[in-house]
1. How many nm is it between the label spots at B:Lys30 and A:Lys561, if each spot is 7 Å from the Cα in line with the beta carbon?
2. Along the charge dipole of chain B, Cβ charges K/R +1 and D/E -1, which of B:Ile98, B:Tyr148, B:Ser10 sits furthest on the positive end?
3. Per residue, how much accessible area does segment A:2-89 have with a 1.4 Å probe, in Å²?
4. Starting from the Kirkwood Rh over alpha-carbon pairs, what translational D in µm² s⁻¹ does the protein assembly as shown have by Stokes-Einstein at 37 °C and 0.692 mPa s?
5. Taking the Cα centre of segment A:121-267 as the origin and placing charges on Cβ (Lys, Arg +1; Asp, Glu -1), which of A:Ser258, A:Thr211, A:Cys151 is farthest toward the positive end of the dipole?
6. For a quick check of understanding: with a 1.4 angstrom probe and all protein chains in place, what accessible area in square angstrom does A:Thr461 have, to the nearest ten?
7. For A:Asp342, tell me the accessible area in Å² from a 1.4 Å probe, rounded to the nearest 10.
8. What is the extension gain from A:Lys636 to A:Thr427, computed as 0.36 nm multiplied by their sequence separation minus the C-alpha to C-alpha distance, in nm to one decimal?
Amino acid sequence: MDIYINNNKYQALDDETIIQVADRHDIHIPRFCYHKRLSIVASCRMCLVEVEGAKYPQPACSTIVRDGMKVNTVGSVTEDAQKSTMEFLLINHPLDCPVCDQAGECELQDISLDHGDYKSNYKEIKRTVIDKDIGNLVTTEMTRCIHCSRCVRFGEEVAGIKELGMTGRGEETKIETFVNQSLTSELSGNVIDLCPVGALNNNLYKYSARTWDLKQISSISSNDCLGSNIYYHTYKNEIKRTVPKENEQINLSWLADSDRFGHEGIESEERILSPFVRSENKLIQSDLETLNQAVSQKMQEYTSSTTAVMSAQSSCEEMYLFQKILRESGIPNIDHRSKECDFGYQDYYPIIPSFDIKLSEIEFMENIILVNVNISKEFPILSVYLRNAVKQNSTNIISLSAYEYLENFDISHSETLSPKELEKYFTTTSNNILSNINKDKKNLIIMGPSTTYLKNYTNITNNISRYAKSINSKLSLLGDQCNTSGAWAMGVVPHRLPGGIEIAEFKNTAYLSSYPKNDLLIIYNLEPEYDFSNDTEIIDRLKNSKFNVFFSSYMTDSINKYADVVYPLAVQQESHGSYINTNKQLQVFNQVISPRGQSKNGLEILLGLSKRLGINIDDEQISKDINEILSKMNIKSNYILIDTIEMTNEKNTLEKIIIRSSNSNNPTLRRCKSLLTTHDNDDFMSIPNSMKINSESKITINESENSFKIKANIKVHDKPDNTILVKMNGRYAQKIGSYNTSVDLS
Amino acid sequence: MNSIIKFIKSLFFLEIFKGLSITGKKLYKKPITIQYPEEKTPQSTRFRGLHALRKYPNGEERCIGCKLCEAVCPALAITIDTEERADDKTRRTTKYDIDLFKCIYCGFCEEACPVDAIIETSIFEYHFENRNDGIMNKIDLLKIGDLYEQQELKDRSANDL
Ligand code: SF4
Ligand code: SF4
Ligand code: SF4
Ligand code: FES
């Protein structure tokens with residue numbers, strides 16, 4: 001149908017509101033409560049427009065268009081309405097723009113300037129509201145609130161946790177958390193962007209700059225494999241804050257808290273600011289040339305007993321060059337799977353593990369099975385899609401995990417299963433909930449990254465793949481790190497070259513198992529304490545090897561103790577490169593700030609090293625090679641079908657299961673103080689009910705030859721049996737060693 | 001033709017007499033110059049001289065770190081860094097520098113300030129012996145503010161018509 005806005009004819013669809021048509025055609029209508037991704041409440045009245053024939057001005061956000069409707073967004077009727085609304089809104093709004101962080105990007109300021117009146121008839125006292133403490137991430141200044149209720153609706157509709165609510169009426173209206181809680185959602189930071197005024201603010205950014213000073217640089221999130229698009233706002237070479245960059249295929253208008261507050265760690269005191277070499281048992285400052293010389297010499301010396309492990313947080317360029325340098329020096333033992341311990345699946349693995357469907361298609365799935373994943377904590381952005389699917393199309397969601405995860409969408413059936421039970425669950429489907437799943441429906445299985453940590457991952461993934469095939473289901477493999485897909489594609493695995501080309505002689509080789517002892521260990525952007533499936537083992541290896549090379553941004557105890565050379569690696573925000581996200585999209589990120597101290601972009605360091613080793617390659621050649629690899633790649637489905645397989649046999653030992661925490665999944669995140677003080681990082685160990693241990697008991701854990709005594713912050717669980725659950729990266733996880741191991745508690 | 005007349009006129013040194021006649025006239029009038037520095041010209045109460053940062057009577061600095069002065073300054077002479085002050089959680093500057101070599105004494109900063117913190121005092125006699133001294137920091141500015149507060153109040157009341 002056609003409608004007329006300011007006497008111009010525009011196309012409109014049925015059921016559209018005036019504001020939607022106007023927005024599509026860039027006609028400005030002021031608004032506060034309306035937001036394109038939230039429901040319509042029409043409470044602020046700022047969007048009043050003149051509709052010819054109507055007695056009073058109508059709210060554009062809630063008025064549905066009619067054929068031939070004539071709307072005026074300018075003219076005296078509209079302008080009078082706007083002026084009066086503005087005057088009402090400003091009655092109780094304080095005049096503290098000079099100290100308000102929103103000033104300069106405040107919708108109230110802008111609209112008041114464009115549509116308000118310069119004078120007010122209100123002479124009485126303004127109201128004040130006491131601020132709420134809602135946690136470390138979002139600060140409040142509630143006197144500034146104009147009760148648009150965007151934050152409340154966000155909680156209800158998108159985040160799925162009703163955290164903020166409105167109490168009272170009229171003058172007494174207040175936005176509050178229920179019973180003085182702090183915000184718990186992993187999406188809570190989004191209320192900062194949504195709030196049109198300065199009532200909800202970013203705590204990290206508080207009072208540190210002004211909006212007009214900030215430089216905006218676009219980038220890609222390095223905290224999960226979805227690759228959310230973000231803008232960093234910098235001032236004087238420091239990142240002041242992070243905001244979402246709209247991307248309809250990934251993060252919509254939202255951002256996970258780990259992305260929004262994840263830049264805090266960059267300025268940590270633990271940053272390594274110059275190259276170090278060991279001399280007389282101490283790390284002393286040095287220069288890259290010396291390091292390159294030492295490293296290249298050792299690489300030639302220990303060719304056959306070198307292990308190189310690289311973080312999957314590295315960019316594709318770094319990965320490509322890293323494996324090239326090593327392979328051309330005759331070192332085949334390269335891997336990125338530091339957190340895994342079962343590699344039997346590797347020859348059957350897809351060339352690029354991926355989500356398999358577009359995120360926007362999740363909505364249309366009829367059955368979704370989540371395996372070992374806590375979507376709302378680990379992949380907050382994905383939870384928006386799943387929640388939408390449940391709400392719009394009542395998708396049936398089944399969760400099969402080792403822990404009773406809370407999700408922000410409705411789960412129709414959930415079960416806590418130990419890894420062994422999980423393995424069997426998919427082969428004996430006739431007597432469990434999976435028997436109800438119809439193969440003619442649209443089915444999706446999402447496997448969480450913590451599945452890969454398990455000791456029987458090969459069996460689990462094989463059984464799940466077979467099952468998925470039998471019900472015609474898509475299989476989504478979520479990566480543990482932002483560039484896990486890239487690591488597979490770039491050949492950072494021992495048995496495949498870039499592009500997934502198999503190397504026959506290295507079938508069945510994984511980075512540690514194939515070498516009982518290492519003389520040279522190269523560890524790239526991984527922290528031995530946190531990033532390895534078995535930290536005790538890797539530290540043992542570091543102790544016994546002859547030479548240890550670290551590429552790292554932060555100093556840790558073990559690096560300090562065992563490194564022979566340390567390259568100062570710039571963090572992601574200080575370098576440029578590209579990531580392949582879980583949808584197989586190659587996304588490029590820019591350098592946002594200059595590297596701290598003498599730290600350097602990993603690519604630059606590696607180029608220096610390759611020159612030393614006489615490998616001729618440069619920046620441009622690398623990008624060219626990567627593009628060629630990606631264009632030639634022959635991507636098959638995600639099914640991992642293995643022909644011969646033995647079921648894990650029963651043993652009566654405890655299994656250890658790691659609960660993955662997305663707020664400490666990479667070195668920079670681990671150093672974000674405000675994220676670490678959120679409730680999600682409570683460290684605990686959970687043991688089976690049957691063990692009869694209370695929080696006072698001292699526990700000794702015997703793992704292979706190591707024995708640890710800890711006084712644990714213990715929770716007790718009923719199911720799954722014979723398991724202990726440990727929060728990843730917590731104090732206990734560090735002590736107990738392998739992510740999934742048999743332990744004796746005594 | 002014109003040039004010939006000009007040439008003949010020049011032979012009589014007429015310009016010199018014209019000039020000397022002005023000199024002669026001024027010789028017997030009261031001089032308009034004064035004997036600086038012994039004598040000084042009267043100064044407007046709105047004079048825009050050296051900058052200062054003011055405090056409230058209770059000793060609290062006025063400046064709230066809004067950076068409006070920095071934003072308005074046409075010469076980019078002001079540099080401010082801010083933070084949340086630990087004890088009372090208010091917005092405060094950690095750095096407030098004015099580069100007097102850049103400043104053009106336009107007074108925009110004074111006008112922009114919402115709390116009358118930055119002002120331009122009546123001081124106009126000052127010099128620097130080092131290049132770096134031309135950059136006034138927060139401590140200097142607050143000190144001048146203390147010294148000239150009374151003068152400023154007087155000037156302000158004179159301005160209130
Ligand atoms: S706090 Fe902000 S977003 Fe929430 S109701 Fe008030 S003004 Fe709206
Ligand atoms: S007087 Fe003008 S030029 Fe000087 S600091 Fe103030 S605004 Fe800048
Ligand atoms: S001097 Fe005034 S304008 Fe400048 S930052 Fe301080 S309060 Fe703001
Ligand atoms: S935007 Fe329409 S009433 Fe608020």
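1. Reported label-point gap for B:Lys30 and A:Lys561 is 9.2 nm.
2. It is B:Ser10.
3. 51 Å²
4. D, rounded to a whole number, is 103 µm²/s.
5. Checking the options against the dipole of segment A:121-267, the answer is A:Thr211.
6. Its heavy atoms expose roughly 0 Å² to the probe.
7. Around 30 Å² of this residue is reachable by solvent.
8. Roughly 72.9 nm would be gained on extension.
The values are calculated or read from the model by the stated rules, or taken from the named source; none is laboratory data. Just so we're clear, the structure is a prediction, and the values are computed from it rather than from any experiment. Glycine gets a Cβ as well: all are built from the backbone with ideal geometry, and neighbour counts include every protein chain shown. Please note that ligands, DNA and RNA were not included when accessible areas were found on the heavy atoms of the full protein model with its side chains. Shrake-Rupley method; radii C 1.70, N 1.55, O 1.52, S 1.80 Å.
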